[in-house]
Amino acid sequence: MTFNKPFQDSRKRLLKKFCKTTGHLNRWYVVRHILVDHSSKLLYCVMPKCASRQLRNMLFANRTKEEMATRFFKRFSTQEQNTMLATYFKFTFVREPFERLLSAYQDKFVYLRDEDHYYRNVHGRVILKNYRPNASKHSLTQVNDIRFREFMEYLVKRGRYKTTRVMDQHWDNYVNVCGMCEIEYDFIGHYETMEQDLSEFIRAARLSPQNAKRFSGYKHVPSKTKASLVGYYSQIPLKWIDRLRQIYNASFTMFGYRFPGPLKSLYENKAEGAII
């Protein structure tokens, strides 16, 4: 069975169309997100909150310590990086922007882990001090109860299309994280069709049967995040959602995600209310 090239070509054409009207980001920032698998000659740009943890586990399954030690693209010289960019198979995965944004909030501010204290200290404290009047001493000390509406207000009022300290990699625009207009990716997968796309990826990258096994066991499970989208976003004004569209316009446009997408019912409810 051959790989569905026309389907991938349509995704890449859409991306190139967008890139004709956009600038380019500092390559140093992009390089930080690329991982190398030399045995398969793969370059994977880690797009947080797009099944990146699962993809990293697949990519480096059963790898030796020596192979793991050379997985960071940023550690190589510019000449070596350019050689790999020209000869290795480059891929990444993306996700519907509103769903990815909610997943980032839950991951960094709801399901708290010790290793994520940076997000609470850098972003959480700013959110509490600016968007929660009379925040308690306990909240300011623990920073363990950031509300979705507060996180959204933070992005709506301080977020930008360009990368800033506010626009962390977990919720930054795709064009900034993986340099979609700087690097010509060979394969762009979608989180929503990941099981099918991984099968296509195996064929497109021409992986050996042994290497293909790492990516062939994934089974799609409906996202709990997707099921709770409307409930979360109904907590914020529609004008904030419109503002998020402006901030994340690149992420919607370059990969064909429609606005308001999964939040369409919120706008329909407003229209019905206006008629009544």
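The values are calculated or read from the model by the stated rules, or taken from the named source; none is laboratory data. Just so it is clear, the model here is predicted, and its values are computed rather than measured. Cβ: placed from backbone, ideal geometry, glycine included. Neighbour counts: every protein chain shown. All accessible areas refer to the heavy atoms of the entire protein, side chains included, with ligands and DNA or RNA removed. Shrake-Rupley method; radii C 1.70, N 1.55, O 1.52, S 1.80 Å.
Tabulated values for the structure
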{"read-out": "Residue among GLN235, GLN196 that is farther than 16 Å from LEU59 by Cβ, in a loop (DSSP other than H, G, I, E, B) and of a type in the set (S, T, N, Q)", "value": "GLN235"}
{"read-out": "Failed item, numbered, when TYR267 is tested on (1) surrounded by 15 or more Cβ atoms within 10 Å (Cβ to Cβ); (2) aromatic (Phe, Trp, Tyr); (3) more than 22 Å from the chain's Cα centre (by Cα)", "value": "(1)"}
{"read-out": "Hey, ASP145 open to solvent by 30 Å² or more (accessible area, probe 1.4 Å) and either free of Cβ contacts under 8 Å to residues at least 24 places away in the same chain or among the aliphatic types (A, V, I, L, M) (or both) or not", "value": "yes"}
{"read-out": "Residue in region 142-158 that is closer than 25 Å to GLN235 by Cα, touching a Gly at 6+ places or on another chain (Cβ under 8 Å), at pLDDT below 95 and aliphatic (A, V, I, L, M) present", "value": "yes"}
{"read-out": "Verdict on LEU128 being over 26 Å from HIS190 (Cβ atoms), at pLDDT below 90 and crowded, with 16+ Cβ neighbours inside 10 Å", "value": "no"}
